[in-house]
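Where a number appears in this text, it was derived from the coordinates with a stated rule and is not lab data. What you see is a predicted model, and the numbers here were worked out from it, not measured in a lab. Here Cβ is always computed from backbone atoms with ideal geometry, including for glycine, and neighbour counts include all displayed protein chains.
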Amino acid sequence: MRRPAFLSLLLLPVLAACGTPQEQCVSSATREVRPLDRLIAEERATLARGYGYETQQIMHHEWQRCDDWVPGTPPRMCFEPVWDTVKRPVAIDPAAEQRKLDGLLARRGALMAQAGPAIAACKAKYPE
């Protein structure tokens, strides 16, 4: 009986951290901007490093216990494929990366201009 009450007390700060109604409204109005912000940060990091990263999927095989193993019998081993993701550095064209960054920044500016009235409406509807 005491454990559910204790757990509910632990969840209160988590639920309180979900944001005020104004923050939730603004977050909803700027939902399309967040992926652009991540891409912009990635492009800036690539330009600062001077090289980019390429991810590849590489397969190798490992011995693993087969799925049809029955307890009480000797384990049967199978040679199964396993996929790993590997990041490798690659050369970049700084001019092309800068053009890409400029395009992302322009798109972000346009989206923020469109979201401006919605943000103002959120602040009017849910004053803090």
Tell me the label only: which of [x] 24.4, 72; [y] 20.6, 64; [z] 25.0, 70 is Rg and Dmax of the Cα atoms in Å as calculated from this structure?
[z]
Listed residues Pro74, Pro35, Pro117; largest mean-square fluctuation, Gaussian network over the chain with Cα springs below 10 Å, found at Pro74
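Do the sum for the chain: with -39,500 (n - 2.57) for every DSSP H run of n ≥ 4, divided by all residues, what is the mean residue ellipticity at 222 nm, to the nearest 500 deg cm²/dmol? Each step should come with its number before you reach the end.
Numbers: 4 runs with 73 residues, N = 128.
Taking each H run of at least 4 residues, the total per residue is -19500 deg cm²/dmol.
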Histogram of C-alpha separations across the range 56-117, 10 Å bin width, %:
17, 18, 17, 16, 13, 14, 5
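Only loop residues by DSSP count here, and only those with at most 13 other Cβ atoms within 10 Å; note down the trypsin sites (Lys or Arg not before Pro) in the range 32-128 that meet that. Walk me through the numbers before you get to the answer.
Working: sites: Arg38, Arg44, Arg49, Arg65, Arg76, Lys87, Arg99, Lys100, Arg107, Arg108, Lys123, Lys125; in loops: Arg76.
Taking the range 32-128 and a limit of 13 other Cβ atoms within 10 Å, the loop trypsin sites (Lys or Arg not before Pro) found are Arg76.
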Return a whole-number percent for the relative contact order of the chain, with Cα pairs under 8 Å and 6 or more residues apart as the contact set.
34
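For the chain, return all DSSP H helices satisfying: extent of Cα atoms along own axis at least 30 Å; mean Kyte-Doolittle hydropathy at least -0.5.
Values: long enough: 94-125 (45 Å, -0.05).
What comes out of the filter, once short or polar helices are dropped, is 94-125.
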Quick one: grab the alpha carbon gyration tensor of the range 81-128, order the square roots of its eigenvalues as a ≥ b ≥ c, and give me rounded if a/c is under 1.5, else prolate or oblate depending on whether a/b is larger than b/c.
oblate
Using a Förster distance of 41 angstrom, determine the FRET efficiency expected from the C-beta separation of Val82 and Arg38, and round it to 0.05.
0.90
Sort by residue number and name the cysteines in the chain that have no neighbouring cysteine Cβ under 4.7 Å.
Cys18
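At 0.36 nm per residue, and after removing the present C-alpha to C-alpha distance, how many nm does the segment from Gln56 to Ala124 gain when stretched out fully? Write down the numbers at each step before the final one.
Numbers: separation 68, 0.36 × 68 = 24.48 nm, distance 4.81 nm.
Result for the pair: 19.7 nm of gain on full extension.
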